1. Please work out whether region 19-115 counts as rounded, prolate or oblate from its C-alpha gyration tensor, where a ≥ b ≥ c are the square roots of the eigenvalues and a/c under 1.5 means rounded, while otherwise a/b larger than b/c means prolate and anything else oblate?
2. Top mean-square fluctuation among Val78, Val63, Val48, Gaussian network model of the chain, C-alpha springs under 10 Å?
3. Mind checking which lysines have their Cα closer than 22 Å to the Cα of Lys64? Skip sequence neighbours fewer than 8 apart in that chain.
4. Pull out the extension gain between Gln13 and Ala40, defined as 0.36 nm times the separation in residues minus the alpha carbon to alpha carbon distance; nm, one decimal.
5. Given H placed on each backbone N at 1.01 Å, which residues far from Gly26 in sequence or on other chains put an amide H within less than 5 Å of it?
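Just so it is clear, none of the values below were taken in a lab; they were calculated from the coordinates. In this text, all values refer to a predicted model and were calculated from it rather than measured experimentally.
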Amino acid sequence: QVQLVESGGGLVQPGGSLRLSCAASGSAWKLYGMGWYRQAPGKQRELVAVNTDGSGTNYADSVKGRFTISRDNAKNTVILQMNSLKPEDTAIYYCYAQLIGSDNWGKGTLVTVSP
């Protein structure tokens, strides 16, 4: 198991940018993937971007070209840089860490995109 601590998020106007960070601790040496999911009100949780050892990075079509994920394996951190934000990006964003045999989640951080 790992513990995930997220930071960032908040209120931003359409077209603006935000940066989310997540740090993993605990059995972080077992990590082979990290990334972000999100859940908008009334909707299911969905993948935003995940980087997996040996498989590279997978982005949701809705964020391609606007969001960038970067992962630091030495520090066990993952960052999501979000640009050109849209109101439909409003959601709780969850850090995700993949270990062999378990999925781990952060508590989530709220991103609100509104004029």
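1. Working: a/c = 1.91, a/b = 1.66, b/c = 1.15.
Prolate is the answer for region 19-115, as a/c is 1.5 or above and a/b outweighs b/c.
2. Val63
3. Lys43, Lys86
4. Numbers: separation 27, 0.36 × 27 = 9.72 nm, distance 1.71 nm.
Extra length available between Gln13 and Ala40 comes to 8.0 nm.
5. The list, which skips near neighbours in sequence, is Gln3.
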